[in-house]
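Beneath this line is the structure, given in structure tokens, with notes to follow.
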Amino acid sequence: MSELATTNIDPVPATAGNAAIPNTSRARPPATVHGPVAWVKTNLFGSWLSSLATIVFGILLIRWAIGFFDWAILHAVWSVPEGANGPDVSACRDAKGVGACWAVIGEKYRFILFGRFPYDLQWRTALVIVLFIALYAVSAWRRFWRKELLLVWVATLVVIGVLMWGGILGLEFVPQDQWGGLPLTLILATFGLAFAFPLSVLVALGRRSTKLPAVKALCVLYVELIRGVPLITLLFMASVMFPLFLPEGVNIDKLLRAQVAIILFAGAYLAEVVRGGLQSLPKGQYEAADALGLSYWKKTGFIVLPQALRLVIPPLVNTFIGFFKDTSLVLIIGLFDLLSAGKIAISEPAWAAYSTEVYLVLAAIYFVFCYTMARYSRGLEREFSRARNR
Amino acid sequence: MSGAVVDPRLHAARAAPKRRMRLSWSDPKFRAIVWQVLVVGILAAIVAYLVHNTNKNLAARHIATGFAFLARTAGIPIGEHAIEYDPATSTYGDALIIGIINTLKVAIVGVVLTTIWGTLLGIARLSKNWLLSRAAYLYVEILRDIPLLLQLLFWYGLVQTLPSVRDAFAVLPGVFFSNRGIKVPLFDWEPAHSWALAAFLVGLIGVIAWSSVASKRQAETGVRPKTWPVALGLLVAFPLFVWAVLGAPFQLDMPIKGGFNFRGGGTISPEYCALTLGLVVYTAAYIAEIVRSGIQAVPQGQWEAAGALGLRPGAVLRQIVLPQALRVVIPPMTSQFLNLTKNSSLAVAIGYQDVVSIDQTTLNQTGQAIEGIALLMAVFLVISLSISLFMNWYNARIALVER
């Protein structure tokens, strides 16, 4: 790979025939310097190596694109007729290898999205998804970054709890083992963040503490231990070890145990992010607060955290993306998140052969969530660095 | 306040007098101690409570604590075992060691491949060629935002749709792709090969010694003696010579297509292929971003200065930019290697028998939940620590070059 653009690509080579351009401002520059032809020349056929890469790669890309279009659209089966016992998948079987069978999505989308939640009550889970998305949107809006946002979070999470469990306000009770699909994924990720975040702030403060060596040692131990092992071991711990910890007769639901494992896991990673923010705050801020005679908690609450947390919002969002993806691991201990619901949907013999289609749709759902967050985080980062450099 | 003669006023000005701690809430030292005793005490109480519960529960279930179960016969069928293993006689300990080896097999191959693939992607991302850089960009964006577990399931599903053994396609003579995995020819290992390998290692030491001599001479005279002929001789010619002297044995064990399975040859299992492929493809997206930002962190002036010295673009990249980018790149790269190793635990979802999967089976069969989890954590902590230590050492080594 010999040609590398450095930071930005200069569309006009520095030496490109300055003499050839007539000295009149009205004359258009020749097409070899500006315009689409020049663009193609510099960006696709800059050198013989570049040209080779363009041609080889272009041919491959076009072939893939055509193949994918053929499979996904042209020869795809969009729906199948209802047979005597269950859907008749012969059309899909005939198209196997040539075209996609999107009928599996049409047939199974309710199960994939909502899991085993009672069919008639699935409007509640749909509403939960909408509420979650609204909550994210409101939190992302900088105009709403104030204390009241905390209340909005608490209120929304309570409403979500009511919608999922039911049992009051005339809503039918739905036990936790029937929850599943996208709401479960969102619950694990959001509740995980909501509890892990305060925990992580405390741990980060404890780890930075100079006056409390015992607390500092505990925090370091917690963070390093959790970061050194995979999430799976924690989930295993939650599923087989937690029950041993509890007194006789007390039983905590599997979902809650997994949620605790995710909170502990997320707490350690978030603590490191928060610690980064605490460290990047200029020392003068701490000293000024001390000089004003503020107590530790006043200093932390009014001076340090508001500045430090603001700095780490972009990496926090990135960490959150990681957790959102990692919630899929609960599949391994047998919870019904979005991914497990998809996997179970295709364990039915009739649809077993169409895993690719289901996985592509699942990937698209995860991608939409993660990519939106990633774009948001990058936008914020740019804005912050612009504000700092001013 | 020892025997040295110090003006007491001067001393007082230098250091605050040592105050005795007062037993009062307004004394920060006292407060600190109270808080710590409180925190540690509460934690200790919680732990003691949990231990108490656990002991009671274990007694109720008649589970003996301790690691004695490791010596019991395992009876777990394991497909891929690097050391001798027989479910009828081997112990849980053996099974777990095989699991650790299988994890390391994925982690080491994964780290090497992902570094290569990720670096290529990162460089492609910066290419002047629009098509190449956009493709690399899309790759990174898409793969980073899809859960690894989903990708692994996808790859595993794809590997299983490969043709059956009967219709396996041969990529090279003797290399077959089928839904039973990849079949490769093995060659029979003979003493001559071991000697050749030993010769290669001796040669490697020789080359390292020679290159340090060359560096020293370059520092003294400004002219670097040629190293490649020595390297060629020691690393290629010398082992080949040893091998030839010992009779140049070369016997290939080619896989032969049978009715339902292959005979002979070595197998790379479909689970291993899917896991390694998934891990490499996913982690490479992160590595690519790290490499890109590392290269961009090298000031533009370095490119221009190197160009002004008349270096060709390839040489600028290799000799000026990459060595400097390396220093920025190593710490985040380390955490990606750690991630890859930890993520290899997802093997359990696609049925590759790594340490997590074997540990889980052990745990289900024996009921030794605490010991099983503790072992698993210990294994991963040791692996993580080893990687961090090695990368920190490497980081310190390359950082020394800087003046």
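What ³J(HN,Hα) values, in whole Hz, does the Karplus curve 6.51 cos²θ - 1.76 cosθ + 1.60 give for the stretch A:65-74 when θ = phi - 60°, with x put for Gly and Pro?
Along the stretch A:65-74, the couplings run 4, 5, x, 5, 4, 4, 6, 7, 10, 5 Hz.
What would the Debye equation give as log₁₀ I(q)/I(0) for the stretch A:30-73 at q = 0.13 Å⁻¹, counting only Cα atoms as equal point scatterers?
For the stretch A:30-73, the Cα-only Debye profile gives -0.42.
Which one of B:269, B:24, B:384 has the biggest mean-square fluctuation once chain B is modelled by GNM with Cα springs under 10 Å?
Maximum fluctuation in the GNM of chain B, among the listed residues, is at B:24.
Report the accessible area of residue B:273, computed with a 1.4 Å probe over the heavy atoms of all protein chains in place, in Å² rounded to the nearest 10.
Looks like 30 Å² after rounding.
So how much accessible surface do B and A hide from each other in total, probe 1.4 Å, in square angstrom to the nearest 100?
Values: alone 25150 and 23400 Å², together 43030 Å².
Heavy-atom accessible area buried at this interface is about 5500 Å².
State the cysteines of chain A left without a partner when partners are defined as other cysteines whose beta carbon lies under 4.7 Å away.
A:219, A:370
R0 = 51 Å: FRET efficiency of residue B:65 with residue B:179, Cβ-based, nearest 0.05? The partial results should precede the final answer.
Values: r = 43 Å, r/R0 = 0.85.
After rounding to 0.05, the efficiency reads 0.70.
Would you calculate the volume per residue, in Å³, of the smallest convex hull containing every Cα atom of the protein assembly as shown? Please list the in-between numbers first.
Working: hull volume 246.5 nm³, N = 793.
It comes to 311 Å³ per residue, whole-number rounded.
Running a GNM on chain B with Cα contacts under 10 Å, which residue among B:238, B:337, B:176 ends up with the highest mean-square fluctuation?
Answer for the Gaussian network model of chain B: B:238.
With θ set to phi - 60° and the Karplus curve 6.51 cos²θ - 1.76 cosθ + 1.60, what are the ³J(HN,Hα) couplings of the stretch A:323-330 in order, to the nearest whole Hz, using x for Gly and Pro?
Result, rounded to whole Hz: 5, 4, 5, 5, 4, 5, 5, 5.
Cα-based Rg (one decimal) and Dmax (whole number) for chain B, in Å?
In order Rg, Dmax, the Cα atoms of chain B give 29.4, 98 Å.
Under the rule of at least 5 residues apart or a separate chain, name every residue whose amide H is placed under 5 Å from the amide H of residue A:181.
Close amide H contacts, sequence-distant or interchain: A:115, A:337, A:338, A:341.
Excluding same-chain residues fewer than 8 positions from residue B:257, which lysines have a Cα within less than 17 Å of its Cα?
B:183
Counting alpha carbon pairs within less than 8 Å and at least 6 residues apart, what relative contact order, in whole percent, applies to chain B?
Details: 445 pairs, mean separation 81.8, N = 403.
Taking the mean separation of contacting Cα pairs over the length of chain B, I get 20 percent.
Along the charge dipole of the stretch A:103-389, which of A:346, A:324, A:129 sits closest to the positive end, that is, farthest toward it, with unit charges on the beta carbon of Lys, Arg, Asp and Glu (+1, +1, -1, -1)?
Checked the options; the winner is A:324.
How big is the convex hull of the Cα atoms of the stretch A:302-390, per residue, in Å³? Show your work: numbers first, answer last.
Details: hull volume 8.8 nm³, N = 89.
So the per-residue hull volume is 99 Å³.
Alpha carbon centre of the stretch A:195-240 versus the stretch B:347-364: separation in Å?
So the separation of the two Cα centres works out to 26 Å.
Check which residues have an amide H placed less than 5 Å from residue A:101's amide H, if you skip close sequence neighbours.
Hits under the 5 Å cutoff: A:77.
For residue A:239, what is the net charge nearby, where nearby means another residue's Cβ is under 9 Å from its Cβ and Lys, Arg count +1, Asp, Glu -1?
Details: positive: A:254, A:257; negative: none.
Cβ neighbours under 9 Å give a net charge of +2.
Which lysines, on any chain, are close to residue B:226 with Cα under 16 Å apart, when same-chain ones fewer than 8 places away are left out?
Excluding near neighbours in sequence, the set is B:216.
Applying 1/(1 + (r/R0)^6) with R0 = 60 Å to the Cβ-Cβ distance of residue A:75 and residue B:30, what FRET efficiency is obtained, to the nearest 0.05? Before the final figure, lay out the partial values.
Working: r = 79 Å, r/R0 = 1.31.
The formula returns an efficiency of 0.15 here.
Would you mind telling me the share, in percent, of accessible area of the stretch B:189-250 contributed by carbon and sulfur at probe 1.4 angstrom?
Values: 3270 of 4300 Å².
The C+S portion of the solvent-accessible surface of the stretch B:189-250 is 76 percent.
State which helices in chain B qualify, where a helix is a whole DSSP H run, it must extend 30 Å or more along its own axis by its Cα atoms, and its mean Kyte-Doolittle hydropathy must be at least 1.6.
On the way: long enough: B:28-61 (49 Å, 0.84); B:92-125 (47 Å, 1.48); B:191-221 (44 Å, 0.70); B:270-297 (40 Å, 0.91); B:369-400 (46 Å, 1.63).
Answer set is B:369-400.
Residue by residue, what Karplus-based ³J(HN,Hα) values in Hz, rounded to whole numbers, does the stretch B:64-73 have, using 6.51, -1.76 and 1.60 with θ = phi - 60° and x for Gly and Pro?
So the J values, rounded to whole Hz, are 7, 7, x, 9, 4, 5, 4, 8, 7, 5.
Cross-link candidates for residue A:41: which lysines have Cα within less than 21 Å, leaving aside residues fewer than 8 places away along the same chain?
B:128
Would you compute, from DSSP H runs of 4+ residues alone, the mean residue ellipticity of chain A at 222 nm, taking -39500 (n - 2.57) per run and dividing by the full residue count, rounded to the nearest 500? Intermediate results must be reported in sequence, preceding the final value.
Values: 16 runs with 239 residues, N = 390.
Theoretical 222 nm ellipticity from helices: -20000 deg cm²/dmol.
Ranked from the most accessible area to the least, with a 1.4 Å probe and all protein chains present, what is the order of A:239, B:293, A:328?
On the way: A:239 30, B:293 55, A:328 0 Å².
Accessible-area ranking of A:239, B:293, A:328, largest first: B:293, A:239, A:328.
Quick check on chain B: helices-only [θ] at 222 nm, where DSSP H runs of length 4 and up contribute -39,500 (n - 2.57) each and the sum goes over total residues. Nearest 500, please. Numbers along the way, then the final one.
Numbers: 14 runs with 254 residues, N = 403.
Computed mean residue ellipticity for chain B: -21500 deg cm²/dmol.
Rounded to the nearest 0.05, what FRET efficiency do residue B:308 and residue A:47 give with R0 = 22 Å and r taken as the Cβ-Cβ distance? Could you check? All intermediate terms of the calculation are to be shown ahead of the outcome.
Details: r = 20 Å, r/R0 = 0.90.
The pair residue B:308/residue A:47 has a calculated efficiency of 0.65.
Which value, in Å² rounded to 10, gives the accessible area of residue B:320 with a 1.4 Å probe and all protein chains present?
40 Å²
Where Lys and Arg each count +1 and Asp and Glu each count -1, what net charge lies around residue B:351 among other residues with Cβ under 15 Å from its Cβ? Don't skip to the answer; put the middle values down first.
Working: positive: A:343, B:180; negative: B:80, B:271, B:354, B:359.
Net local charge, residue B:351 excluded: -2.
Tell me, in nm to one decimal, what length is gained between residue A:296 and residue A:154 on full extension, where the rule is 0.36 nm per residue of separation less the Cα-Cα distance? The partial results should precede the final answer.
Numbers: separation 142, 0.36 × 142 = 51.12 nm, distance 2.69 nm.
Separation in residues times 0.36 nm, less the Cα-Cα distance, equals 48.4 nm.
Could you pull out the longest piece of chain B with no exposed loop GluC sites (Glu not before Pro) in it, calling a site exposed if DSSP puts it outside H, G, I, E, B and it has at most 10 other Cβ atoms within 10 Å? Show your work: numbers first, answer last.
Numbers: sites that count: B:84, B:402.
Longest site-free region, per DSSP loop and neighbour criteria: B:85-401.
If I ignore ligands, DNA and RNA and count only protein heavy atoms, how much of residue A:195 is accessible to a 1.4 Å probe, in Å² to the nearest 10?
That residue has around 120 Å² of solvent-accessible surface.
The values are calculated or read from the model by the stated rules, or taken from the named source; none is laboratory data. These numbers come from a predicted model, not from an experiment. Virtual Cβ from ideal backbone geometry, glycine too; neighbours counted across all protein chains shown. These accessible areas exclude ligands, DNA and RNA; they are computed on the full protein's heavy atoms, side chains included. Shrake-Rupley method; radii C 1.70, N 1.55, O 1.52, S 1.80 Å.
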